[in-house]
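A.B. asks: First the structure, which I've put down as structure tokens, then a few questions once you've had a look.
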Amino acid sequence: MCLVNTPMFLRTKNIPKLSWSSKSPTNFKPELETLLYLCLGLILFGFGEGLLIVAGIGASPWNVLHEGVAVSLNLSVGTIAFLVSFLVLLLWYFLDQKIGMGTIINFIIIAIMIDVTIYYFDKPSEFFLQMFMVIAGILIIAFGTSMYLIANLGPGPRDGLMTGLQKKTDAPIALVRACIEIIVVIAGWSLGGTVGIGTLFFALGIGPSVAASLYLFSSKKIT
């Protein structure tokens, strides 16, 4: 009965394969169209992450960590995002994960876009504008995530960490993701990262938003 009443987009389980999807995540000679969709998706992802930070009422879990480390080391959030991504990528060696072209492009573009967004956007003075920025950021991240996943050119460093740990531990993917994000939020908050209602909205909204974006693509409303 619950499944009957569940919206179709929330039943999405698979990442759709479209005309511009790579046949293999380890494809290092993708079609130009595939590469363009990948890059556009990552640009949107980084832009959305930057909006959450600029809003100032709570970043996404990993960016709480990036922000906290950035405050401690007096470096930009984008620089820390790049360095953390590289360190996480080193852990892949112990998790038997395979690096794809998208894996490398992922943390380069996202790190740059976070810093660009923070530079050009100012924190809104009114709370409802901050909330609007958070919600817009979540939706943009979800749409960008769908594009990057459908391109199928390799997971990002953090996604690979999640799936690698799941394979090693045989724990449910939801539990693995929750544990990782709780750890990075606590670490980031202890270092001065911003945790707030935006973090909560992200945690509750990113899953359904990504599912809705994937459903939109799979229904061929966007091709």
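Computed from the coordinates by the stated procedures, all read-outs in this text should not be read as laboratory data. Bear in mind the structure is a predicted one, so any value in this text is a computation, not a measurement. Because the Cβ atoms are built from the backbone with ideal geometry, glycine has one as well, and the counts that use them run over all protein chains shown.
A.B. asks: Can you list the equivalent-ellipsoid semi-axes of the chain, largest first and in whole Å, using the square root of 5 times each Cα gyration tensor eigenvalue?
C.D. replies: 26, 21, 19
A.B. asks: Please build a GNM for the chain, connecting alpha carbons under 10 Å apart, and tell me which residue among LEU51, LEU36, LEU175 fluctuates the most.
C.D. replies: Highest fluctuation among the options: LEU175.
A.B. asks: Which value, in Å³ per residue, describes the convex hull spanned by the Cα atoms of the range 49-117?
C.D. replies: 82
A.B. asks: Scan the chain and note any complete DSSP helix (H) whose C-alpha atoms cover at least 24 Å along its axis and whose Kyte-Doolittle average is -1.0 or more.
C.D. replies: 32-55, 77-95, 101-120, 127-151, 173-190, 197-218
A.B. asks: Please list 22-35, 115-128 highest first by mean number of surrounding beta-carbon atoms within 10 Å per residue.
C.D. replies: Top of the packing list down: 22-35, 115-128.
A.B. asks: I would also like to ask the following. Please arrange PHE94, PHE107, PHE202 by counting, for each residue, the other beta carbons lying within 10 Å of its beta carbon, fewest first.
C.D. replies: PHE94, PHE107, PHE202
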